[in-house]
Each structure stands twice: as structure tokens, then as C-alpha cells.
Amino acid sequence: VVQPAVSTVVLINGQSVSPAANSNCRWKIPFIQETIVNGSSPPPAVIAVTETWLKDYITDAQVSIKGYNVYRSDRDKRVGGGCLLYLHEQLLVKEVTEYNDQENNMVGCYIESSHTFIASIYRPPDSNSTGFSSLLSHLQDTIDRISENHRMPDLYILGDFNFPGIDWKMPLSYHSNSVPDFFDFMDKNQLSQIVTKPTRGDNTLDLALTNV
């Protein structure tokens, strides 16, 4: 029996994917192409990257991956941060939305044919609750707008949220003023957090949320 191919979604904490000549990380884009894309069958439908560390003088062409379109939110005025989405070129994007307050970043894409919304998010460890709440409000407004006939789209919210205080086995225990708004957002959109192992040390900082 031949099993049908299953599309995959990949989340990467890039810790800089800068292609600049003076960057020690310029090998990472070719690594994504050769290992994650070329090494998968079929290749991932979506690759979300956080902590891209890109600036606006770096063009999309410099971070391109064959067979994918790239959508970015760069943090220009601070070191680090930023996020992007690589979407397979067969996915036709109807709407792109971005949030950038030079602290928090989000880029999201709506694929009308499958009524799916995908977002990549970066929230720094020192983010204040106001900025992150504004990001969530922007994201919620986008989800509400693309909902058709009150039917919620399939959601994939991926990112580096830097909430070390959340124990996902006992999520009511936390140590951040931003967490209640985050949990409210999850509840409203019927989202489950599906990363089951720590992503840095003993903490699960990189999260994948979905209502599918």
C-alpha cells in the first residue's frame, strides 16, 4: 500500500540567517535548501524561521530558497529578532499581513484555496505586555477579517514566544504579564500547542499552535 504524501510545516529558530559576507551564519540558507528542502519528500509546504536577524538592506533574493516565496518582518532598529515564512510556490497567497513594533515581529499569509492562515512570530524575552498584546490584537483582527461566514480558517501560528515560565503540562502556572492575553487568544481561536519537548534547555520557547 502506498501512503499518500503528507505536507509538513517546519519551524526553525535561525539565530541569524544573514547572508552578509561578514556573517558567520551565511551557510544557513544553503543548509535549509539542501537539508530541509532537498532532503524531504515531499518538501515542506511551509518553513517558518524566527530570529532571522535580517535588515531592510538585505533583499528577498539574498535569502531566497528555490521553489519558495519568502515573506518577512525584519527588526531594523535593534539587534536580533525578526521572522519570516517560506511558502511553497504552489501555495497561492491572497493576503499578507505584518506587525513590527521594533520589538515584536509577525508575518502572516492567508491561502484562500484551503482557507488557511499561517503566521511566524518572534517575541523577545524582554517584551513588554503592551507590545505583545498589540501584536495579538493585530493577529486577531486579521483572523476575524478573513473568516468567511463566521467559519474560522485553519490556523498555524508558529514562533519563538520566549515564555520560559509556562509548563505546558500545567499551563496555568506561568510568570509573565503577557501570558493571560496569550491564553485568551488561544482559547478564542481554539488553538492547541503541539510542541511536546523542550526547545532550549528545559524550556519550550518555540511553539506551534493550531486549531486543526
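The values are calculated or read from the model by the stated rules, or taken from the named source; none is laboratory data. This one's a predicted model, so the numbers in the text were calculated from it and none came from an experiment. Cβ coordinates were reconstructed from backbone atoms using ideal geometry, including for glycine residues, and neighbour counts include every protein chain displayed. Keep in mind that these areas ignore ligands, DNA and RNA; they rest on the heavy atoms of the full protein, side chains included. Shrake-Rupley method; radii C 1.70, N 1.55, O 1.52, S 1.80 Å.
Miscellaneous remarks
- Each residue in region 94-110 was checked for being open to solvent by less than 40 Å² (accessible area, probe 1.4 Å) and either in a loop (DSSP other than H, G, I, E, B) or touching a helix residue (DSSP H, G or I) at 6+ places or on another chain (Cβ under 7 Å) (or both), and 7 of them qualify.
- Within region 153-179, restricting attention to residues that are out of contact with any strand residue (DSSP E or B) (no Cβ under 9 Å at 6 or more places or on another chain) and open to solvent by less than 50 Å² (accessible area, probe 1.4 Å), the residue that is modelled with the highest pLDDT is Val179.
- In the set (1) surrounded by fewer than 15 Cβ atoms within 10 Å (Cβ to Cβ); (2) in a loop (DSSP other than H, G, I, E, B), Ser16 fails one condition alone, (1).
- Looking only at residues in region 57-84 that are open to solvent by less than 50 Å² (accessible area, probe 1.4 Å) and of a type in the set (Gly, Ala, Ser), the one that is nearest to Pro43 (Cα to Cα) is Gly67.
- Check on Val49, at pLDDT 95 or above, under 21 Å from Val195 (Cα atoms) and either in contact with a Cys (Cβ under 9 Å, 6 or more places away or on another chain) or in a helix (DSSP H, G or I) (or both): yes
- Among the conditions (1) part of a loop (DSSP other than H, G, I, E, B); (2) surrounded by fewer than 18 Cβ atoms within 10 Å (Cβ to Cβ), Ser137 misses just one, which is (1).
- All positions within region 143-164 that are farther than 20 Å from Asp181 by Cα, touching an Asp or Glu at 6+ places or on another chain (Cβ under 8 Å) and either aromatic (Phe, Trp, Tyr) or part of a strand (DSSP E or B) (or both): none
Table: residues versus (1) surrounded by fewer than 11 Cβ atoms within 10 Å (Cβ to Cβ); (2) without any contact (Cβ under 8 Å) to a residue 12 or more places away in the chain; (3) not aliphatic (A, V, I, L, M).
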position	(1), (2), (3)
Leu11	no, no, no
Ala21	yes, yes, no
Pro30	no, yes, yes
Ser41	yes, no, yes
Val49	no, no, no
Leu54	no, no, no
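- Any hit, region 186-198, residues being at pLDDT 90 or above and buried (at least 19 other Cβ atoms within 10 Å of the Cβ): yes
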